[in-house]
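K.L.:
Quick one: the structure is below, questions incoming.
All of the numbers you see were taken from the coordinates with simple rules; none came from a lab. In this text the structure is predicted, and so the values were computed from the model without any measurement. Cβ atoms come from the backbone with ideal geometry, glycine included; neighbour counts cover every protein chain shown.
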Amino acid sequence: MMRLRLDLAYDGTDFSGWARQPGLRTVQGCLEDGLGRILRTPVELTVAGRTDAGVHARGQVAHVDVESLTGVLGNRESEDASVDERLAALLRRLAGVLDPDVRVQRVSVAPEGFDARFSALYRRYVYRVSDEPGGVDPLRRRDVLWHNRPLSLEALNAGAALLLGEHDFAAFCKKREGATTIRELQRLSWARDPGSGVLEATVMADAFCHSMVRALVGCLLAVGEGRMPAEWAGQVLARAVRDPGVKVAAAHGLCLEEVGYPADAGELAERALMTRRVRTLAGE
């Protein structure tokens, strides 16, 4: 078997999320169908992070295991064709069969031990918000949320600072049976783009649980508009239960920008093993 790494981008507007669902258009479904047509065999993708309906990605990563790349070159098929030639042909053919709102940007043979999900060191998202009185630039309406009250950059970052580190983020997650809500939030910071005026929240963690990023943003928007003090964000975190004052921000403002992996290929399998452990907080 050969493991391929796929680097992906998609506009999530018209998708019902990443994961394949019967009767619904999903990113996974479209990609698996396209790959299956080209390779003439069913395939199953493993993704770095399952995005919700409406969430975009610029730096998503997935892997797929295939028996061979025979047939990818079509009428030009030759036993002498190199792996690189076959991968280049696969990339071109995917561009021809996939809808324009999902693109495979690169296909490569994955190093030994690589797992798109479990080998990842971090996922970096950016959430984009406009507080312009007249609303969002119409050409950005699919990836920028309009917030109809002025937002204080200083207040947003003051609240964000209280959420950093390894904590139980149960207050910001939709719980799943048997799954932990302990995560290490490595970065959460806001900046205003000097050209567009759009506020961008960069959110980075080793992993995220369901709806976590959008719940964090929703909490901080309440702080940024002055409806809640910065300290409230830390109090919500400490209580570890969902707070009715935290509104989950709309999906379309969120984009997965990057998934990071160990630079040393020899560390991929070790990282995957470490990620699979059941996490507890220090002292538990």
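K.L.:
Compute the FRET efficiency between residue 275 and residue 240 as 1/(1 + (r/R0)^6), taking r as their Cβ-Cβ distance and R0 = 30 Å, and round to the nearest 0.05.
P.N.:
E between residue 275 and residue 240, to the nearest 0.05, is 0.85.
K.L.:
I need to check one value: relative contact order of the stretch 122-268, counting alpha carbon pairs closer than 8 Å and at least 6 residues apart, in percent.
P.N.:
35 percent
K.L.:
Go through the cysteines of the chain and tell me which have no other cysteine Cβ under 4.7 Å away.
P.N.:
30, 219, 255
K.L.:
Using only DSSP helix segments of four residues or longer, with each worth -39500 (n - 2.57), what per-residue ellipticity at 222 nm results for the chain after dividing by its residue count and rounding to 500?
P.N.:
Values: 6 runs with 68 residues, N = 284.
The per-residue figure over the chain is -7500 deg cm²/dmol.
K.L.:
Add +1 for every Lys or Arg and -1 for every Asp or Glu among the other residues with Cβ under 10 Å from the Cβ of residue 19, and state the total.
P.N.:
Working: positive: 20, 50; negative: 52.
The answer is +1.
K.L.:
Under 8 Å for C-alpha pairs, at least 6 residues apart: give me the relative contact order for the chain, rounded to a whole percent.
P.N.:
23 percent
K.L.:
Still on this model: May I ask which residue of 130, 19, 148 lies farthest towards the positive end of the charge dipole of the chain, with charges of +1 (Lys, Arg) and -1 (Asp, Glu) on Cβ and the Cα centre as origin?
P.N.:
148
K.L.:
Sort 188-197, 220-229 for me by packing, meaning the mean count of neighbouring Cβ atoms within 10 Å per residue, highest on top.
P.N.:
220-229, 188-197
K.L.:
Another question, if that's okay. Could you work out, for the chain, what percent of all Cα-Cα pairs fall into each 5 Å distance bin, beginning at 0 Å and stopping at the bin that holds the largest distance?
P.N.:
1, 5, 11, 15, 16, 15, 13, 10, 7, 4, 2, 1, 0, 0
K.L.:
Sticking with this structure for a sec: Which of the listed residues, 215, 102, 116, is farthest toward the dipole's positive end in the chain, when Lys, Arg count +1 and Asp, Glu count -1 at the beta-carbon?
P.N.:
215
K.L.:
Could you tell me how many degrees, from 0 to 90 and to the nearest 10, lie between the Cα long axis of helix 230-239 and the main elongation axis, the longest principal axis, of the Cα atoms of the chain?
P.N.:
70 degrees
K.L.:
State whether the stretch 122-268 is rounded, prolate or oblate according to the following rule on the C-alpha gyration tensor (a ≥ b ≥ c being the square roots of its eigenvalues): a/c under 1.5 gives rounded; otherwise a/b larger than b/c gives prolate, and the remaining case gives oblate.
P.N.:
Because a/c hits 1.5 or more and a/b fails to exceed b/c, the stretch 122-268 counts as oblate.
K.L.:
Oh, and also: Pick out which of 123, 76, 149 has the largest mean-square fluctuation in a Gaussian network model of the chain, springs linking Cα atoms closer than 10 Å.
P.N.:
The residue with the greatest mean-square fluctuation here is 76.
K.L.:
Oh, and also: If I build a Gaussian network model for the chain, linking alpha-carbon pairs within less than 10 angstrom, which residue out of 274, 204, 212 has the largest mean-square fluctuation?
P.N.:
274
K.L.:
Which of rounded, prolate or oblate describes the stretch 192-270 when judged by the alpha-carbon gyration tensor and an a/c cut-off of 1.5?
P.N.:
oblate
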